[in-house]
Each structure stands twice: as structure tokens, then as C-alpha cells.
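What follows is a set of notes on a single structure, which appears directly below.
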Amino acid sequence: MVNNKIQAAEENLIHVYNRFPVVLDHGEGMYLYDTDGREYLDFAAGFAVTGLGYDNKELNETLKAQIDQLYHTSNLYYHKSCGEAARELNRVCGMDRVFFTNSGGEAVEGALKSARRYAYTKGTGRYEFIAMENSFHGRTFGAVSVTGHDSYREPFEPLVPGVKFAKFNDLDSVKALVSDKTCAIILEPLQGEGGINLATQEFMEGIRKICDENGILMICDEVQCGMGRTGSMFAWQGFGTRPDILTMAKAIGNGIPVGAFAMTEKVAKYSLKPGDHGATYGGNPLACTAVKKVIEIFERENIPGHVNEVAPYLTKKLDGLVDELDCVVQRKGKGLMQGIEITKPIAEVNRRCVEGGLLVIQAEGNVIRFVPPLIVEEKHIDEMIEKLKRALTG
Ligand SMILES: *Cc1c(COP(=O)(O)O)cnc(C)c1O
């Protein structure tokens, strides 16, 4: 049965993903189950998406009720939750105005357009973007254009013009690229795909300062590192460096496809105007209900507080692996977005993890990434370490 399903997928889908030969069926809490009933401990969270884990009854019931009531309207009209979801998301992400998208790439796209639109209104002639090496911002043309990996970019060139790449955590390399044409600087406070690289406090403050002194907008891409993962609702809050534009997606809907870009009032005043941007599905009743409910549960259960409680245990255990195993070089990251750099072939180790019932994700630089649902407990970390050790030493 599993093989038939895989075969049908192989024959009918465009082959852009190298999937594991696993057909998932359902999930509960920290665990996923395949169609043969095999159990997988999930430290991938569907790419840092399912912060609340699987089968959260409260969220499920709320979504089901919304489906029965109404799930599409288009943006020609308001619906009951659009204003509330926007207000709640602005409150927790520290921005003033938000636009709902369907994905992270689309959120980045909107953020870049917003920055260009701001420059256009102001008549500054600024159009250049400074992005970071090793960054990842998504697969749409704009997002690929600011992604700092040749392999993602080259097959699709020519891309959006005016993008320059600086070295992450190297302020001088950013300063060297600043000109009177610089429109915005875009960065992930904690790089995900690029290998779990955390910005230094100095770097975040330095970028904020460069932007303030030169009339440049600071865009933080928190599609992956946002929504509680680093121990604050959004990672920028941990640095105290409020961006001008913020992108979000992945965990804000716990898997219901929803993203967002948000901005300060100062930017909104000069940025997108009616007719400049849109998304037919964007912020539909189901997506907004998901965002509203997810935020409500995050706050009531104090999920960021839980992340701060449990993350030191993950850190300690991963540091233990660095000490114990020669093939583990270093631990990186913050909160529940961490990684270990290993010397063994990563694809093989990843495959052995899956075979041993553990889901993790690869990242650049031979890094195994751990982005579990944020409801993870110490006992799950113990189980993960045990399974990981077997995959690393087997
Ligand atoms: C995943 C990701 C994106 C793209 O999100 P999609 O929903 O896959 O389009 C953008 N930026 C960052 C930092 C991401 O991790």
C-alpha cells in the first residue's frame, strides 16, 4: 500500500523534493505515525511549522467550526476574524500594520515590494537591497533574488536587479555595500537553511544603526525563527532591535497555510496603497482564525516561557554530544532552533534517523537541525538524543 502511494506520487508530481520513503498518516503531540503504524518522534515540526504539535483539540475544533461557518470571502469584503487576527499578530510581533499572505516566500515578496514602494513615495531613488550570504528567503523570484546561495539563484537568472550580498555577522562587509541607492537590508536574526547561524547582538544593533543613520529600512525575516521558537514571541525582541518590516509564516498558523508581512506605522504611511498589492486567498477566514487561536494558545500556555525552560536542557544534551562523539563538531542556535555540525555524511545520518523513528532536518554546512514542536519536554529530548546517537554511531 505504501509503495503504491509512493509510486503514484513519483509518477504524477514534479520531482523537486527528495522525499523519504515514508507515508505519514496522522500525528499526536510530539509524534507522527505512518500508514504502517510506525511512530516517529518529530524534531522537524514540518519545517518549524507545527509549534503546538499535532492534534491540538482546541485548535482543531476551532478550525472545524470555522470551516462549517465560512472559509473564503476574498478581500473585497471584511470577515469576522480579519481585524482581530491582524490586531493580535501586530501586538505580539511589535508592528503596527500587517498584510496576510499564503506563504513565507510571498511574505518576503511583499516586504521587498513594500520597501521599494516606500522609496518610490518618498522619491529617494533608492532601490538596492543588501542581503546576507547563506540566507534563505524563499523560492519566488524576489525571495530567490535575496537568497545568499548561488545554487538557488543561478538556474533562474537574471533575477531582481540591485541585490548585494554581505557577510552575516560582519558589519564592515555591510557598511562597504551601503550607498545612497540602498533601499533596505534584509536578514534572518537566526539563519535556518543556512546552517542555524545566530546573529550577534552587535550585528543586530549595528544593522539597526546603519539603517537609522542612512535612511534605510531594516527587514527581519522571521518566517522560521519567529513565533516563540527562540524564547521570545519574535526573535528580534530578544535583541531589542525593532525592524521596520517583519516577515512571518511557518508557525503562525500551525500548518494552516498563512504568512504575513508587517510594518511600522512610519513605513506604512509611505508604502503600499490600494491597488499596489493583493492576494485572493490571503488572510481568509480559516487562516485568520488559525492565527488568532494559535496566538491565544501560545499566550495562555506561555509557550515562549516553556521554550526558555526546556531549551537549556536541549543545549546541554547537544553540548554533551559534542564532547562525547568525535563526529559532532559544534552546536549552534538558540532556544528550540538548534543544530549540530557533524563530519559524517549528513544525508546518510538523516536517513538513519528516519529509519530509527526520528525526524530531523538537514541544513547547510553539514548541520543537523532540530526544530521540534515547542511543546517538547525533557523526556522527548532524552529520546531524541538516544535515537540520534544510534544514527550517528551506527
Ligand atoms: C521557509 C522560509 C521562507 C519561505 O517560506 P515558504 O512558506 O516556504 O514560502 C522564507 N524565509 C525563511 C527564513 C524561511 O525559513
Heavy-atom accessible area ranking, 1.4 Å probe, most first, across Tyr270, Tyr313: Tyr270, Tyr313
Provide the per residue accessible area, probe 1.4 Å, for the stretch 11-52, rounded to a whole number of square angstrom. 61
On a full-extension model of 0.36 nm per residue, what is the gain between Gln7 and Glu378, subtracting their alpha-carbon distance, rounded to one decimal in nm? 129.7 nm
Could you state the accessible area per residue of the stretch 70-300 in Å², with a 1.4 Å probe and every protein chain left in place? 40
Pop the C-beta distance of Lys175 and Asp276 into the FRET formula with R0 = 35 Å and round what comes out to the nearest 0.05. 0.65
Any idea what angle helix 378-393 forms with the longest principal axis of the chain, computed on alpha-carbon atoms, 0 to 90 degrees, nearest 10? 80
How high is the relative contact order of the chain, in percent, counting Cα pairs under 8 Å that sit 6 or more residues apart? 23
Would you grab the residues whose amide H sits under 5 Å from the one on Ser103? Only those 5+ places off in sequence or on another chain, please, with H modelled 1.01 Å from N. Gly259
At 1.4 Å probe size, with the rest of the protein present, what percent of the exposed accessible area of the chain is carbon and sulfur atoms? 51
Where does each of 121-130, 81-90, 254-263, 3-12 land if you order them by average Cβ count within 10 Å, highest first? 254-263, 81-90, 121-130, 3-12
Express the accessible area of the stretch 305-391 per residue in Å², computed with a 1.4 Å probe while the remaining protein chains stay in the model. 41
Let me have the 222 nm mean residue ellipticity of the chain computed from DSSP H runs of 4+ only, each contributing -39500 (n - 2.57), with the sum over all residues rounded to the nearest 500. -12000 deg cm²/dmol
Whole-Hz Karplus couplings 3J(HN,Hα) for the stretch 48-65, θ = phi - 60° and coefficients 6.51, -1.76, 1.60, Gly and Pro as x, run 6, 9, 7, x, 8, x, 10, 6, 6, 4, 4, 5, 4, 4, 4, 5, 4, 4
Using mean Cβ contacts within 10 Å as the protection proxy, how do 360-367, 31-38 order, highest first? 360-367, 31-38
Residue by residue through the stretch 262-272, what is 3J(HN,Hα) from phi via Karplus (6.51 cos²θ - 1.76 cosθ + 1.60, θ = phi - 60°)? Round to whole Hz and write x for glycine and proline. 9, 8, 7, 4, 4, 7, 4, 4, 10, 9, 3
Whichever lysines have a C-alpha closer than 25 Å to that of Lys389, once near sequence neighbours (fewer than 8 apart) are set aside: Lys316, Lys317, Lys332, Lys334, Lys344, Lys379
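The values are calculated or read from the model by the stated rules, or taken from the named source; none is laboratory data. In this text, all values refer to a predicted model and were calculated from it rather than measured experimentally. Every residue, glycine among them, receives a Cβ derived from its backbone with ideal geometry; neighbour counts consider all protein chains shown. Areas reflect the complete protein model, heavy atoms only, side chains present, ligands, DNA and RNA absent. Shrake-Rupley method; radii C 1.70, N 1.55, O 1.52, S 1.80 Å.
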